[in-house]
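Undergrad: Pasting a structure here, questions to come.
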Amino acid sequence: MKITIKSLDAIHEAAREFIKNMGKGHVFAFYGKMGAGKTTFIKAICEELGVEDVITSPTFAIVNEYHTTTNDVIYHFDFYRIKKLEEVYDMGYEEYFYSGALCFLEWPELIEEILPEDAVAVTITQQEDGSRTVEF
């Protein structure tokens, strides 16, 4: 599936399209260069799913927990600062990844060897015209 985000004004429409096509996946691994828009797109997805909390990148906390208006839990990870896989083991990643809750992961390439087999790879690419493509 490929979604084009022409501008920030269209990001919520793209998020709705993404949600509609998520299937039964729970763990979504977001790949993309620094500044590609991973956090911004995850924020829009969470908002469309009913999260009213302030949604920020969990760069320092590694994981943020959000609650939707229907009491569903969403986990948002940022593995950018991970130096060793042991840090992820120590945080009890299995409890999150296998909880059945939605998990959105930024910088999953740093923990690929422990990603669940059914994790959905999502690639965000910035185009020359400033638009973004989301492929999964």
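The values are calculated or read from the model by the stated rules, or taken from the named source; none is laboratory data. From a predicted model like this one, the values you see are computed outputs, not experimental measurements. Here the Cβ is made from the backbone with ideal geometry for all residues, glycine too, and neighbour counts use every protein chain on show. Only protein heavy atoms, including side chains, enter the accessible area calculation; ligands, DNA and RNA are left aside. Shrake-Rupley method; radii C 1.70, N 1.55, O 1.52, S 1.80 Å.
Undergrad: Leaving out ligands, DNA and RNA, and with a 1.4 Å probe, what % of the accessible surface on the range 41-122 is carbon or sulfur?
TA: Reported share for carbon and sulfur atoms: 45 percent.
Undergrad: OK, next. What's the longest piece of the chain with no exposed GluC sites (Glu not before Pro), counting a site as exposed if DSSP puts it in a loop and it has at most 11 other beta carbons within 10 Å?
TA: 53-116
Undergrad: What does the charge count around residue 39 come to, taking other residues whose C-beta lies under 13 Å from its C-beta (Lys +1, Arg +1, Asp -1, Glu -1)?
TA: Value of the local net charge: +1.
Undergrad: For helix 38-48, what angle does its Cα long axis make with the longest principal axis of the chain, in degrees from 0 to 90 and rounded to 10?
TA: Tilt relative to the chain: about 80 degrees.
Undergrad: For the chain, report the accessible area per residue in Å² (1.4 Å probe, heavy atoms, rounded to an integer).
TA: Result: 56 Å² per residue.
Undergrad: For the pair residue 90/residue 22, report the inter-label distance in nm, with labels modelled 7 Å from Cα in the Cβ direction.
TA: Between residue 90 and residue 22, the simple spin-label model gives 3.1 nm.
Undergrad: With the dipole of the range 1-76 worked out from charges on the C-beta (+1 for Lys and Arg, -1 for Asp and Glu) around the Cα centre, which of 45, 76, 25 lies farthest toward the positive end?
TA: Checking the options against the dipole of the range 1-76, the answer is 25.
Undergrad: May I pose another question? Which percentage, to the nearest 5, of the DSSP beta bridges contained in the range 1-110 is antiparallel?
TA: 40 percent
Undergrad: Trypsin sites (Lys or Arg not before Pro), restricted to the range 31-62: which are DSSP loop and have at most 16 other Cβ atoms within 10 Å?
TA: Filter output for the range 31-62: 33.
Undergrad: So which chymotrypsin sites (Phe, Trp or Tyr not before Pro) in the range 2-80 pass both tests, a DSSP loop state and at most 10 other Cβ atoms within 10 Å of the Cβ?
TA: Those satisfying the criteria are 60.
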